[in-house]
Amino acid sequence: MNTQEFQLQVLPVKDKVFRLAFRMTGSALEAEDLVQEVFLKVWNGRMELQGVQNIEAWCMRIAKNLAIDRLRSSHWKTKTEEEPLVLEAHTANPYQLAEQRDTFDHIRSIMNQLPEKHRQVMELRDIEGLSYEEICEVLSLTMPQVKTNLFRARQAVREALLKLNKSEN
């Protein structure tokens, strides 16, 4: 793989890799470092890319593994920063924006309480839009495991939101 092929095939996944790394580490700085590490590993292993069918899933798997390694290492510090979500709504009024923000915060809070596999599968499918096959490859799970984890994650989020809505009414 030459530089041009690398730019065309690998670099377009950098935003997805960053978002995955950011969600796993909770730090934009750590996520940026991980993205650089991922692309360095991919570039150094570019001769292996000929056997890879899905480069995006391969990059996501490397990012996931690096993030887990970093979280396990004793050198990694706890969350260093929190970046606010910017909701873009051109026609929403301030009330609607506040309601959207609250709903998103509740969902994020609920998702953070899910078991790790459930949360990862839900983020990759519902936020990143990866296919079931790509999720299988990224997380080293079977198709039934991915579908079961996704079902249970969505069910837990739904139940928690219903419970929250009942308590607010």
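All of the numbers you see were taken from the coordinates with simple rules; none came from a lab. Note that the structure is a prediction, hence the values are computed from the model and not measured. No Cβ is skipped: glycine too gets one built from the backbone with ideal geometry, and neighbour counts run over all protein chains shown.
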The stretch 88-154 and the stretch 1-71: distance between their alpha carbon centers, rounded to Å: 20 Å
Max mean-square fluctuation residue, GNM over the chain, Cα-Cα springs under 10 Å, options 100, 120, 145: 100
Answer label for Cα extents along the principal axes in Å (calculated), chosen among (1) 71, 30, 29; (2) 64, 42, 23; (3) 59, 39, 35: (3)
Radius, Kirkwood style, for the stretch 3-77 when every pair of distinct Cα atoms is counted (Å): 12.5 Å
Choice from 159, 37, 137 with maximal GNM fluctuation in the chain (Cα, 10 Å cutoff): 159
Exposure rule at most 10 other beta-carbon atoms within 10 Å, DSSP loop trypsin sites (Lys or Arg not before Pro): the chain longest free segment: 80-169
Share of pairwise Cα separations in the stretch 94-168, more than 16 Å, in percent: 51 percent
Simple Cβ-charge dipole of the chain, Lys/Arg +1 and Asp/Glu -1, about Cα centre, in debye nearest 20: 580 debye
